[in-house]
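Presented below is the structure to which this report refers.
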């Protein structure tokens, strides 16, 4: 196994201050990545430290399991979270996950980590009320672990290879589960070819999050039309490198989901309704084409709590949403 | 509750989905047993209701409000 440099400190405070000084954190305190903890994380995932999880060729970066484990410890993960972090890192470092572009872009794109399958409930991943925000250790630390890997391994440091004009709070951590219990809808990972009992992570690079509010529609078509209007107000340019496989993620909220349930709309029904409307030619600067190559490129995820008549649109940066099984 | 404390007979109407939040406010206000009337779906917690929806809801809720305020519930 690769031997990482070791440092000794007189106190926790001294360690944290030195990590701040060296630029090894996201601006928040970290947990010490002791050799014992890193080893426990690797053992939990059944990985040797030198196992390669992915590379960023443009940056001469190779990410090993040991590096990912150290950052997962620092993020505050529990050992049982680490297989999920590994899957998220693998997904992000997939060539079409496009780490170099999505973490260096002026637009400040972030990574949405979406968790499916039985592990959501085993780890306590929030998928209902408040699931995008603070208060849930699994959500907060799994998302943060990926971001620390991006910073400390992939060299996505503001002012260095991260050139975001503003960046976004979602870059501290953005992780949530799909509320698979909300309906009979096929979960995201099953739509993408995995078995229901197989837990999985989908990493989607988002350039922008847009809330699609609709307090007036009382049926599925009305909600879909609102989604179309809001996506087309922003447009999706598409990209020849990504080809026909581009994605947009639509997180369907509780109050909108009701109408789909009542009228028996499946995710495929929504995809078929939205796709031609998104790809229709632009009619004005605020009604632009949202170029998605295939209906199944529209990824529908159920999440969120009751109350707001809103769904969220996670508009893509230059990457595909990549789904990885959790081993 | 504040209206009641000011001497105005009152009853709060909350959506069933917000019952937990309303009970939490009642608890921190020192009235853990405060009673509410609740509205459930198809009326959504936050909405721009049509005039017809408002009238339908009023027709259902008005007798309940009256009964609660006059102690007949």
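The values are calculated or read from the model by the stated rules, or taken from the named source; none is laboratory data. Keep in mind it's a predicted model, so treat the numbers as computed, not measured. Neighbour counts are summed over all protein chains in view; Cβ atoms, including those assigned to glycine, are modelled from backbone coordinates with ideal geometry.
Residues in region A:26-67 that are in contact (Cβ under 8 Å) with a residue 60 or more places away in the chain and outside any loop (DSSP other than H, G, I, E, B): A:45, A:56, A:59, A:61, A:63, A:64, A:66, A:67. Close contacts from region A:257-270, counting a first residue that is assigned by TED's automatic domain parsing to the domain that holds residue A:299 and over 15 Å from residue A:214 (Cβ atoms) and a second that is surrounded by fewer than 21 Cβ atoms within 10 Å (Cβ to Cβ) and at pLDDT below 95, with Cβ to Cβ under 6 Å and a gap of 6+ residues or different chains, come to A:261/A:183. Scanning region A:285-310 for residues that are within 18 Å of residue A:224 (Cβ to Cβ) and within 14 Å of chain B (Cβ to nearest Cβ) yields A:304, A:308, A:309, A:310. Looking only at region B:32-56, filter to residues that are away from chain A (no Cβ under 14 Å) and loosely packed, with under 14 Cβ neighbours inside 10 Å; which one of those is modelled with the lowest pLDDT? Residue satisfying both the conditions and the ranking: B:35.
Only one of the numbered conditions (1) at pLDDT 90 or above; (2) in contact with a strand residue (DSSP E or B) (Cβ under 8 Å, 6 or more places away or on another chain) is violated by residue B:1, and that is (1). For residue A:210, the test of being modelled with pLDDT of 95 or more and within 19 Å of residue A:267 (Cβ to Cβ) is failed. Scanning region A:164-178 turns up at least one residue that is over 20 Å from the mean Cα position of the chain (by Cα) and more than 30 Å from residue A:138 (Cβ to Cβ). Of A:60, A:13, all but one fail to be closer than 16 Å to residue A:93 by Cα and loosely packed, with under 13 Cβ neighbours inside 10 Å; the exception is A:60. Just so you know, in region B:3-18 the residues that are within 14 Å of another protein chain (Cβ to nearest Cβ) and in a strand (DSSP E or B) include one that is surrounded by the most Cβ atoms within 10 Å (Cβ to Cβ), and it is B:15. Within the option set B:21, B:29, being without any contact (Cβ under 8 Å) to a residue 60 or more places away in the chain, surrounded by 12 or more Cβ atoms within 10 Å (Cβ to Cβ) and within 14 Å of chain A (Cβ to nearest Cβ) holds for one residue only, B:21.
For region A:85-94, indicate whether the set of residues that are over 28 Å from residue A:166 (Cβ atoms), assigned to a helix (DSSP H, G or I) and free of Cβ contacts under 8 Å to residues at least 40 places away in the same chain is non-empty. Checking region A:85-94: not a single residue is over 28 Å from residue A:166 (Cβ atoms), assigned to a helix (DSSP H, G or I) and free of Cβ contacts under 8 Å to residues at least 40 places away in the same chain. What about residue A:222, is it without any contact (Cβ under 8 Å) to a residue 40 or more places away in the chain and in the same structural domain as residue A:104 (by TED's automatic domain parsing)? In short, no. Run down A:129, A:140 and say which single residue is surrounded by fewer than 24 Cβ atoms within 10 Å (Cβ to Cβ) and over 16 Å from residue A:26 (Cβ atoms). Of the residues listed, the single one that is surrounded by fewer than 24 Cβ atoms within 10 Å (Cβ to Cβ) and over 16 Å from residue A:26 (Cβ atoms) is A:129.
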